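Trainee: Supplied in structure tokens, the structure appears directly below.
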Amino acid sequence: MAGPVLQMRDIVKTFPGVRALDGASISVSEGEIHGLVGENGAGKSTVIKVLAGVYGADSGSVTLDGQPLTAITPANVHDAGIRFIHQDLHLVPHFTVTESVFMGQEVAGRFGLSKRQMRNMAERFFREVLDIEIGCGRLIRDLTTAERKLVQIARALIDDKARLVVFDEPTAPLAIGEIEKVFAAIRRLKAQGIAMIYVSHYLSEITEICDRVTVFRNGKDVAVFDKISDDSAEDIIKAMVGRELGQLYPNRTHAAGEPLLSVRGLSDGNRFFDVDLTLRRGEILGIAGLIGSGREELVDTLYGLRKAKSGTIELADLPLKLSKPADAVGKGVVLVPRDRRGDGLVLAMNVMENINLASLEEVSKLGWEMRGAARKRAEKLIGDLDIRPTNPDAIGQTLSGGNQQKVVLGRWLAIDARVFILDEPTAGVDVGAKVEIYQLIEDLAAKGAGIVVSSSDPGELIGLCDRILVMMRGRINHEIGTQGLSIDQLVAMTTGAADFSTAGGTARSAHAG
Amino acid sequence: MWGIVKAVAVGTLVSTAFVATAQADGHLSLEGKRIGVAVVGTQHFWDREAFTGAIETVEKLGGEVVQVDGGRDNQVHADNHDVLLANEVDAVISILGDAAVEPKFEALKNAGIPVFTVDHPSPHAINNTTSDNYYMGTTIGRYMADAIGGSGKVAVFNAFEGALRICGIRTGLWKYVLSDYPEIEILQPELAEEFANAPEDARKQTLDLLSQYPEGTIDAIHVGCWDQPAIGVVQALEEAGRTDVVVTALDGGPDTLEIMAEEGSPFVANVAQQPRLIGSTSAMNVARHFAGETLLPQTYVDVVPVNGAEEAKAAYQNLGYGTLE
Amino acid sequence: MPDSVATRPGGFDLRRAVGMAPVAIFVAMLIYIGFNAPNFLTWSTIQLVLSQSVPVVVVCLGLSVVVMAGGDDVVSGGIDLSVPATAILCAGIIAQQVTLAEQPLFLAAMLAFGAALIVGALNGFLVTRIGMTPLLTSLAMFVAVVGVNNVITASRRIDIDAPLILFLRDDRIVGLPAGVAIALVLCVVFVFAIHHTKWGLNLQAVGGSREAAEVSGLRPSHFLFWSFVIAAFAGFLASFFVLARGSGSSPGTEDNLLLEMVLATFLGASFSPRRVVTVWGAVLGAVLVAALSIGFKSMGVNVFWTGLIKGSLILIVVALGAASQRMR
């Protein structure tokens, strides 16, 4: 084997206030599938964007086949044979397979497009390179997700000039049965000598398909594994996490009481299946799972934003029929959504209006808002929650992420809710505000509310919750108490590594609640 | 022609005249004939009345109607004649429309289909049925001059005198009458009303005009060719609290007759047309043509001069619009 | 293992049936008219349908290009309502110049062409550079352009008897009315340019998914800008057919043209197998709407009912199209 196809050395990239890459390196050889892993914010996507020419690096070098790449622009990188398979499919739903494969690189003859030639080329590529029959005249919207992924791969490789292909979470949108199709295609490419970088959170897949793995942490490569087996997962996780829980989390004063919310056999027929869960009074229940695991969809369904195909949701033995969020609010179930700016906060309204949004009926008489009562209540909550600025007339848009989140929480405190569903409650919030929000959650539970926290931060789940449900590919794979649970173990479960190694082997038997 | 016009008085006489004609034409029939009726639009009262009059009469005479509506688009109206041509109707009654229809009339004529027009003189038509615009212009001139005592200043809405022949006749003859009143002055420049949204446009223009001519410096406002703008003019006078200005206009649809009938209305004179009778007359003319009678190129249908509130009430009733108190 | 992939129902395919329904309804409607209206299913009526649909067909060419470049979301996607106004403006300029200013037709046409380019470029600039939504931009442009035309023609009708216009109106080419034959050529050119060239396919990609196009190295704003210019050019071309149809320029023609253009273009999407706006779909839509209108007229349907019947029928067809799309 000759020298590495790609070598990125000591890449540094800073953004205002953040050192995203702090001397990161990675090297990939011909015919190698090279895994790139790390926690959120470790610098994986930044290094990929440097390679793609989206960001310019502050320092460091990139060589391709031993030749330094100097002017790294998207066009140059493409010409050099580096291709990116983005997590998003980026396909036009009403285009045919052939049209999609050749999008932006159409073959034209003397008299317009050479449609027949393009179709022949696409068919040959799928047959000979990917070894699959797909039907090149079919429309993208009629394909399965895996087939779309293959179309996306074909688009990157159809010109036969690819040297290095970067996959970003290629299996994220796929169902279990579909993954093998994509893996088969990736292995075919490997056999043809193409170098590949495989970025993923799914450690089970990383250990299955990758030849070598580089682990990023805090903008640096902290470990490179040259021999990968199923047992590697544990070591990889250790390298990824490399830290202990800090003193972010409040002391627990709450205690679980009688069941409040029980879900039986809930499915939406698409993204999650057969979910059972019980939430008790005064309990904080965590839901873990990677993007695409069905976690977000489950949470939305609990709140009535999505429709369930089957299953029941009962609130203190009262069957709930949720078809819209207002139904949930009326029963004392409230959601603090993950996208505050989109779903939670009316950005153009001021703090007072936002806080009173869900409880307008209480502060209005005959349809008229009573400004005095509304203001009083807003001022009290601003004090309780330590929202800054303390001015109830401040416009939502101008608040920091943490304070926006407190306003959204405050809105629900204004009505006496029994069940809180918090979706990524601290995403984009600074540490100081995080501590306050955690305390607020703890207080709510101590007062007897049942709280569901859905989060992608394993530390947060362990620090805050009594119990954690781990979702993977639409199902609850593990249910585990947090006492004595380490981040490594939880990560192993969410990434699927636990199903292969011993790290989470005892997880199922751990006590619940 | 003039003789007939002078002989016709207001009200009852008009309707008896129609009844008399109908009786005299009892032998007419359109049995077994398919008659195309094309109208430029059905949104306006006048157009709709003429259209309905033509259709009802064709059906009453035993004919079959093929109706087409241009939706107030002159080009669609013109195109509709092609449909009637392809349909091989026996005759076409075409109501209003601009010059876009002329080639279509010619094509119909060449195909042996006789064309009868309403308010649209054409060399390719057998006959055009219309109101007596000459009488309308002179009558409204005399009424207005009388209303201001033969002297004073008059503003006129006159956008169409140069564009449409019938407006040329109406406004031209109104001016012809006024030329015998040296004490009456027509304010310059003349006002130009909009066709679409006429009442509101005229209201605004009148308010501007009134601020320019304070109390005592203007005596009348006349709308030269129709009466929709007069609705806005009356509104503006009421808003400005001006009682020193009289309003006159032409056409006499039910909406303006109602305004005239109100007590102390500034709208003092009008000349009402009989659009339904016009449409009906055109249909009768088709039957006369098929009966072998020779038609004159123009048939004038009587108009109803309306001078003051009492005559407005009478005309409203006699024209079949209902009763006013 | 859950099968999360939607399976295709065997045997009777409801989705396909709903998808075919619009075509079926139109065919049934036309057959019904054929039985009830004398002379409807004759070559002369078919020619009449084609002739009368020509101005709408040509403006539809323009609109369909913009919709394809901007995406077919009526509110946020690509739409150009100003095309009929551009057509009327160009007709007004040509009639005014030829008949009143006594300029040669070629010169008048150049002037109109320049005006159309300005309208198209302005639309494109406002949408791609200033970031206004196409719906609002082109609606405002429609009003403004009609206003300019009112100034130029003083809101009057202007006759025109230039030989080219009379040729389009009265003559025939290989057995077809001249206007129809020339419009047919225009349609072929547009279909080829949009559906059979690299540039056209890229334009469709931009409308289909802006992100996907960007990832493929295409510049969405470039295509959107030129689509507006092309649409204005279609408006310019349509002006000749408008002049031929009315033997001159008449005020007030733009409203009906606008309505029929939007209807035909989006109706056309119901006829396309992919359920998207296409050039040929829009053309077919325009011809079918004209056929329906003429059919109702030939049947002697009461004019006060035609609008309602036509409107309901189109609503049903469009709703079925949307339903079949939702069923995926």
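Trainee: Can you tell me which residue within region A:111-136, out of those that are in a loop (DSSP other than H, G, I, E, B) and away from chain C (no Cβ under 11 Å), is most open to solvent (accessible area, probe 1.4 Å)?
Mentor: Just the residues of region A:111-136 that are in a loop (DSSP other than H, G, I, E, B), to begin with: A:111-112, A:114, A:130-136.
Now narrow it down to the ones that are away from chain C (no Cβ under 11 Å): A:130-136.
On the way: A:Leu130: 9, A:Asp131: 102, A:Ile132: 38, A:Glu133: 139, A:Ile134: 8, A:Gly135: 35, A:Cys136: 3 Å².
Filtering region A:111-136 for residues that are in a loop (DSSP other than H, G, I, E, B) and away from chain C (no Cβ under 11 Å), the one most open to solvent (accessible area, probe 1.4 Å) comes out as A:Glu133.
Trainee: Exactly one condition in (1) closer than 19 Å to A:Arg9 by Cα; (2) open to solvent by less than 20 Å² (accessible area, probe 1.4 Å); (3) touching a His at 6+ places or on another chain (Cβ under 9 Å) is false for A:Val50; which is it?
Mentor: It fails just one condition, (3).
Trainee: Right, next: Would you be able to tell me the number of residues in region B:196-224 that are on the phi > 0 side of the Ramachandran plot and part of a helix (DSSP H, G or I)?
Mentor: Step one: of region B:196-224, the residues on the phi > 0 side of the Ramachandran plot are B:197, B:216.
Going one step further and asking which of them are part of a helix (DSSP H, G or I), we end up with none.
Count: 0.
Trainee: OK, next. Do you know which residues across region A:8-28 are over 16 Å from A:Leu51 (Cβ atoms) and of a type outside the set (D, E, K, R)? I'd like the intermediate steps shown before the answer.
Mentor: Start the filter on region A:8-28 by keeping residues that are over 16 Å from A:Leu51 (Cβ atoms), which leaves A:14-19, A:22.
The answer is A:Thr14, A:Phe15, A:Pro16, A:Gly17, A:Val18.
Trainee: Would you confirm, using the coordinates I've provided, whether A:Glu169 is over 22 Å from A:Gln105 (Cα atoms), among the charged types (D, E, K, R) and either without any contact (Cβ under 8 Å) to a residue 40 or more places away in the chain or within 14 Å of another protein chain (Cβ to nearest Cβ) (or both)? Quick ask: steps written out before the conclusion?
Mentor: Working: over 22 Å from A:Gln105 (Cα atoms): yes; among the charged types (D, E, K, R): yes; either without any contact (Cβ under 8 Å) to a residue 40 or more places away in the chain or within 14 Å of another protein chain (Cβ to nearest Cβ) (or both): no.
Answer is no for this residue.
Trainee: Also, I was wondering about something else. For region C:73-109, what are the residues that are open to solvent by 10 Å² or more (accessible area, probe 1.4 Å) and either in contact with a Pro (Cβ under 6 Å, 6 or more places away or on another chain) or among the aromatic types (Phe, Trp, Tyr) (or both)?
Mentor: Passing the criteria: only C:Phe106.
Trainee: Residues in region A:466-489 that are outside any helix (DSSP H, G or I), among the polar types (S, T, N, Q) and open to solvent by 30 Å² or more (accessible area, probe 1.4 Å): how many?
Mentor: Restricting attention to region A:466-489, the residues satisfying the condition of being outside any helix (DSSP H, G or I) are A:466-486.
With the extra rule that they be among the polar types (S, T, N, Q), the set shrinks to A:477, A:482-483, A:486.
From what is left, the residues that are open to solvent by 30 Å² or more (accessible area, probe 1.4 Å) are A:477, A:483, A:486.
Looking only at that region, the number is 3.
Trainee: Related question: Taking the options A:Asp268, A:Asp274, name whichever one is surrounded by fewer than 20 Cβ atoms within 10 Å (Cβ to Cβ), within 30 Å of A:Lys307 (Cα to Cα) and within 14 Å of chain C (Cβ to nearest Cβ).
Mentor: Checking each option against the conditions leaves just A:Asp274.
Trainee: When you scan region A:11-42, how many residues do you find that are within 14 Å of A:Ala223 (Cα to Cα) and touching a strand residue (DSSP E or B) at 6+ places or on another chain (Cβ under 6 Å)?
Mentor: Of region A:11-42, the ones within 14 Å of A:Ala223 (Cα to Cα) are A:23-27, A:34-39, A:42.
Filter once more, keeping what is touching a strand residue (DSSP E or B) at 6+ places or on another chain (Cβ under 6 Å): A:23-27, A:34-38, A:42.
Matching residues across region A:11-42 total 11.
Trainee: Turning to a different aspect of this structure: Check whether at least one residue in region B:73-92 is touching a residue at least 24 places away in the same chain (Cβ under 8 Å), away from every other protein chain (no Cβ under 13 Å) and in contact with a helix residue (DSSP H, G or I) (Cβ under 7 Å, 6 or more places away or on another chain), and report yes or no.
Mentor: yes
Trainee: For region C:238-245, check the following and say yes or no: at least one residue is touching a Lys or Arg at 6+ places or on another chain (Cβ under 8 Å) and either of a type in the set (Lys, Arg) or at pLDDT below 90 (or both).
Mentor: We begin by selecting, within region C:238-245, every residue touching a Lys or Arg at 6+ places or on another chain (Cβ under 8 Å); these are C:244-245.
Then keep just the ones that are either of a type in the set (Lys, Arg) or at pLDDT below 90 (or both); that gives C:245.
Within region C:238-245, one or more residues are touching a Lys or Arg at 6+ places or on another chain (Cβ under 8 Å) and either of a type in the set (Lys, Arg) or at pLDDT below 90 (or both).
Trainee: Now a separate question. Check region C:261-268 and report whether any residue there is closer than 27 Å to C:Gly179 by Cβ, surrounded by fewer than 23 Cβ atoms within 10 Å (Cβ to Cβ), away from chain B (no Cβ under 14 Å) and β-branched (Val, Ile, Thr).
Mentor: There is at least one residue in region C:261-268 that is closer than 27 Å to C:Gly179 by Cβ, surrounded by fewer than 23 Cβ atoms within 10 Å (Cβ to Cβ), away from chain B (no Cβ under 14 Å) and β-branched (Val, Ile, Thr).
Trainee: Right, A:Glu133: farther than 19 Å from C:Ile194 by Cβ, touching a Phe, Trp or Tyr at 6+ places or on another chain (Cβ under 9 Å) and charged (D, E, K, R) or not? Before you say what the answer is, go through the steps one by one.
Mentor: Working: farther than 19 Å from C:Ile194 by Cβ: yes; touching a Phe, Trp or Tyr at 6+ places or on another chain (Cβ under 9 Å): yes; charged (D, E, K, R): yes.
Yes, satisfied.
Trainee: May I pose another question? Tally up the residues in region B:188-209 that are more than 14 Å from chain C (Cβ to nearest Cβ) and either under 25 Å from B:Trp46 (Cα atoms) or open to solvent by less than 10 Å² (accessible area, probe 1.4 Å) (or both), please.
Mentor: At the first step, the residues of region B:188-209 found to be more than 14 Å from chain C (Cβ to nearest Cβ) are B:188-191, B:199-200, B:202-209.
Checking which are either under 25 Å from B:Trp46 (Cα atoms) or open to solvent by less than 10 Å² (accessible area, probe 1.4 Å) (or both) leaves us with B:191, B:199-200, B:202-206.
The total comes to 8.
Table: residues versus (1) crowded, with 24+ Cβ neighbours inside 10 Å; (2) within 14 Å of chain C (Cβ to nearest Cβ).
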| position | (1), (2) |
| --- | --- |
| B:Leu30 | yes, no |
| B:Arg48 | no, yes |
| B:Phe51 | yes, yes |
| B:Val101 | yes, yes |
| B:Ala107 | no, yes |
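Trainee: Checking the structure you have, find out if any residue of region B:138-148 is small (Gly, Ala, Ser), surrounded by fewer than 17 Cβ atoms within 10 Å (Cβ to Cβ) and under 21 Å from B:Leu237 (Cα atoms).
Mentor: Checking region B:138-148: not a single residue is small (Gly, Ala, Ser), surrounded by fewer than 17 Cβ atoms within 10 Å (Cβ to Cβ) and under 21 Å from B:Leu237 (Cα atoms).
Trainee: To continue, here is another question. Suppose the filter is within 14 Å of chain A (Cβ to nearest Cβ), touching a Leu at 6+ places or on another chain (Cβ under 7 Å) and not basic (Lys, Arg); does C:His222 pass it?
Mentor: Details: within 14 Å of chain A (Cβ to nearest Cβ): yes; touching a Leu at 6+ places or on another chain (Cβ under 7 Å): no; not basic (Lys, Arg): yes.
No: the conditions fail for C:His222.
Trainee: Turning to a different aspect of this structure: In this structure, is C:Ala231 open to solvent by 10 Å² or more (accessible area, probe 1.4 Å) and more than 14 Å from chain B (Cβ to nearest Cβ)?
Mentor: Numbers: open to solvent by 10 Å² or more (accessible area, probe 1.4 Å): no; more than 14 Å from chain B (Cβ to nearest Cβ): yes.
No.
Trainee: Would you mind finding the one in A:Asp221, A:Asp160 that is part of a loop (DSSP other than H, G, I, E, B) and either open to solvent by 20 Å² or more (accessible area, probe 1.4 Å) or over 22 Å from A:Ser25 (Cα atoms) (or both)? Spell out the reasoning first.
Mentor: On the way: A:Asp221 fails: part of a loop (DSSP other than H, G, I, E, B).
When all the criteria are applied, what remains is A:Asp160.
Trainee: Just checking, which of C:Leu243, C:Leu203 is over 15 Å from the mean Cα position of the chain (by Cα), closer than 23 Å to C:Ala269 by Cβ and more than 8 Å from chain A (Cβ to nearest Cβ)?
Mentor: Values: C:Leu243 fails: closer than 23 Å to C:Ala269 by Cβ.
Only one candidate passes the filter, namely C:Leu203.
Trainee: Anything in region A:81-106 that is open to solvent by 10 Å² or more (accessible area, probe 1.4 Å), more than 8 Å from every other protein chain (Cβ to nearest Cβ) and farther than 23 Å from A:Ala195 by Cα? List them, or say none.
Mentor: Of everything in region A:81-106, those that are open to solvent by 10 Å² or more (accessible area, probe 1.4 Å), more than 8 Å from every other protein chain (Cβ to nearest Cβ) and farther than 23 Å from A:Ala195 by Cα turn out to be A:Thr96, A:Thr98.
Trainee: Evaluate the following for B:Ala159: is it at pLDDT 90 or above, of a type outside the set (Val, Ile, Thr) and surrounded by 14 or more Cβ atoms within 10 Å (Cβ to Cβ)? Explain how you work it out, then say what you get.
Mentor: On the way: at pLDDT 90 or above: no; of a type outside the set (Val, Ile, Thr): yes; surrounded by 14 or more Cβ atoms within 10 Å (Cβ to Cβ): yes.
Judged against the criteria, B:Ala159 is not a match.
Trainee: Of the residues C:Gly321, C:Gly300, which single one is surrounded by fewer than 24 Cβ atoms within 10 Å (Cβ to Cβ), farther than 30 Å from A:Leu139 by Cα and small (Gly, Ala, Ser)?
Mentor: Details: C:Gly321 fails: farther than 30 Å from A:Leu139 by Cα.
That would be C:Gly300, the only listed residue that is surrounded by fewer than 24 Cβ atoms within 10 Å (Cβ to Cβ), farther than 30 Å from A:Leu139 by Cα and small (Gly, Ala, Ser).
Trainee: Within region A:189-210, how many residues turn out to be within 25 Å of the chain's Cα centre (by Cα) and not aromatic (Phe, Trp, Tyr)?
Mentor: Kept after step one, since they are within 25 Å of the chain's Cα centre (by Cα), are these residues of region A:189-210: A:196-210.
Still in the running and not aromatic (Phe, Trp, Tyr): A:196-197, A:199-201, A:203-210.
Number of matching residues: 13.
Trainee: Among the residues that make up region B:155-176, is at least one of them farther than 30 Å from B:Ser94 by Cα and in a strand (DSSP E or B)? It would help to see each step written out before you state the result.
Mentor: Residues of region B:155-176 that are farther than 30 Å from B:Ser94 by Cα, as a first pass: B:155-156, B:175-176.
Now restrict to residues that are in a strand (DSSP E or B): B:155-156.
Yes, because at least one residue in region B:155-176 is farther than 30 Å from B:Ser94 by Cα and in a strand (DSSP E or B).
Trainee: Kindly list the number of the only condition in (1) closer than 22 Å to A:Gly193 by Cα; (2) touching a Pro at 6+ places or on another chain (Cβ under 8 Å); (3) not aliphatic (A, V, I, L, M) that fails for A:Phe126.
Mentor: (2)
Trainee: Among the listed residues C:Val180, C:Val127, C:Val119, C:Val143, identify the single one that is β-branched (Val, Ile, Thr) and open to solvent by 20 Å² or more (accessible area, probe 1.4 Å). Don't jump to the end; show me each part of the working.
Mentor: Working: C:Val180 fails: open to solvent by 20 Å² or more (accessible area, probe 1.4 Å); C:Val127 fails: open to solvent by 20 Å² or more (accessible area, probe 1.4 Å); C:Val119 fails: open to solvent by 20 Å² or more (accessible area, probe 1.4 Å).
The match here is C:Val143.
Trainee: Still on this structure, I have one more. If you check A:Gly459, A:Gly463, A:Gly448, which single one turns out to be closer than 28 Å to A:Ala417 by Cβ and in a loop (DSSP other than H, G, I, E, B)? Before the answer, list the steps.
Mentor: Details: A:Gly459 fails: in a loop (DSSP other than H, G, I, E, B); A:Gly463 fails: in a loop (DSSP other than H, G, I, E, B).
Residue meeting the stated conditions: A:Gly448.
Trainee: Which number in (1) more than 13 Å from chain C (Cβ to nearest Cβ); (2) touching a Cys at 6+ places or on another chain (Cβ under 9 Å); (3) open to solvent by 10 Å² or more (accessible area, probe 1.4 Å) marks the one condition that A:Ile194 misses?
Mentor: Of the numbered conditions (1) more than 13 Å from chain C (Cβ to nearest Cβ); (2) touching a Cys at 6+ places or on another chain (Cβ under 9 Å); (3) open to solvent by 10 Å² or more (accessible area, probe 1.4 Å), the odd one out for A:Ile194 is (2).
The values are calculated or read from the model by the stated rules, or taken from the named source; none is laboratory data. Note that the structure is a prediction, hence the values are computed from the model and not measured. Every residue, glycine among them, receives a Cβ derived from its backbone with ideal geometry; neighbour counts consider all protein chains shown. With ligands, DNA and RNA removed, areas are computed over all heavy atoms of the protein, side chains included. Shrake-Rupley method; radii C 1.70, N 1.55, O 1.52, S 1.80 Å.
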